[in-house]
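A short write-up of the structure that comes next.
The values are calculated or read from the model by the stated rules, or taken from the named source; none is laboratory data. Note that the structure is a prediction, hence the values are computed from the model and not measured. Cβ: placed from backbone, ideal geometry, glycine included. Neighbour counts: every protein chain shown. Quick note on the areas: whole protein, heavy atoms, side chains included, nothing else; ligands and nucleic acids left out. Shrake-Rupley method; radii C 1.70, N 1.55, O 1.52, S 1.80 Å.
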Amino acid sequence: MLNPVSAALFVADIEKSLHFYESVLGMKVSLNFGKNIIFENGFAIWEIRESHIIPSTLGTEKLSDRSVNR
C-alpha cells in the first residue's frame, strides 16, 4: 500500500537515478510511469524537464547551477 504522504526528488536523468536507488540503495519500485517513479516506501523520483512548472517558475539556469543547494 502506498503512503499518502511522501517525498519526491526531482532528477535530471531518471534512468541513472533509478539505477542508483535500486542497485546501490536496494529500493524496490512500486509504480513506474516512465518519468515518474514511486518506490515501495512512498519515496518518488521525478525527471524534471524545462517545460515543468518548477524550472519555468524558477528559471532553467537553476537546473545546471551546481552552486545552488538543492
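Inside region 3-21, can you point out the residues that are open to solvent by 80 Å² or more (accessible area, probe 1.4 Å) and without any contact (Cβ under 8 Å) to a residue 40 or more places away in the chain? Working first, answer last.
So in region 3-21, the residues open to solvent by 80 Å² or more (accessible area, probe 1.4 Å) come out as 4-5, 12, 15-16, 19-20.
4, 5, 15, 16, 19, 20, listed by residue number.
If I filter region 24-42 down to residues being in a loop (DSSP other than H, G, I, E, B) and open to solvent by 50 Å² or more (accessible area, probe 1.4 Å), which single residue comes out as nearest to residue 12 (Cα to Cα)? Among those residues, the one meeting the criterion is 35.
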